[in-house]
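First up is the structure itself, then whatever we jot down about it.
The values are calculated or read from the model by the stated rules, or taken from the named source; none is laboratory data. Since the structure is predicted, the reported quantities are computational estimates derived from the model, not experimental observations. Here the Cβ positions follow ideal geometry from the backbone for every residue, glycine too, while neighbour counts run over all protein chains shown.
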Amino acid sequence: MAARVTNERLRRLLLELGFAKGRLVKNNHRAFRHPDSRCVIVLPDNRDQDTARVADVVGVRDHLAQHGHLNEVIFDRFMVEGKLPVA
């Protein structure tokens, strides 16, 4: 994954996968919940155009793969191209 990943791109991916953006919680974090799988991902609510922290990108990538939402190859492609492949 060579592209610069912004906070906005990481959050947009979750929304495109059907996660719902929750309210702001403790320590300026936001929970994203998937209604069908009940999967929850919590991210810092940092500025959209700032580069996402590596730990957040890797954590989301692993979490999505482990819960069957998105495999690593497609995640990496989205981070570079900014779009999911057409089904």
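Looking at region 16-31, can you tell me whether even one residue there is touching a helix residue (DSSP H, G or I) at 6+ places or on another chain (Cβ under 8 Å) and either free of Cβ contacts under 8 Å to residues at least 12 places away in the same chain or of a type in the set (Asp, Glu) (or both)?
So far as region 16-31 goes, yes, one or more of its residues are touching a helix residue (DSSP H, G or I) at 6+ places or on another chain (Cβ under 8 Å) and either free of Cβ contacts under 8 Å to residues at least 12 places away in the same chain or of a type in the set (Asp, Glu) (or both).
One line per residue, one yes/no per condition, for (1) crowded, with 16+ Cβ neighbours inside 10 Å; (2) of a type in the set (Asp, Glu):
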{"residue": "Asp48", "(1), (2)": "no, yes"}
{"residue": "Arg53", "(1), (2)": "no, no"}
{"residue": "Val57", "(1), (2)": "yes, no"}
{"residue": "Asp62", "(1), (2)": "no, yes"}
{"residue": "Glu72", "(1), (2)": "no, yes"}
{"residue": "Lys83", "(1), (2)": "no, no"}
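Which of the residues belonging to region 37-87 are more than 22 Å from Gly22 (Cα to Cα), assigned to a loop (DSSP other than H, G, I, E, B) and of a type outside the set (Gly, Ala, Ser)?
Asn71, Lys83, Leu84, Pro85, Val86
Within the group Leu43, Leu15, Leu24, which residue is exposed (fewer than 13 other Cβ atoms within 10 Å of the Cβ), at pLDDT 95 or above and touching a Lys or Arg at 6+ places or on another chain (Cβ under 8 Å)? If you could, list the steps in order and put the result at the bottom.
Values: Leu43 fails: exposed (fewer than 13 other Cβ atoms within 10 Å of the Cβ); Leu24 fails: at pLDDT 95 or above.
Leu15 is the lone residue from the list that is exposed (fewer than 13 other Cβ atoms within 10 Å of the Cβ), at pLDDT 95 or above and touching a Lys or Arg at 6+ places or on another chain (Cβ under 8 Å).
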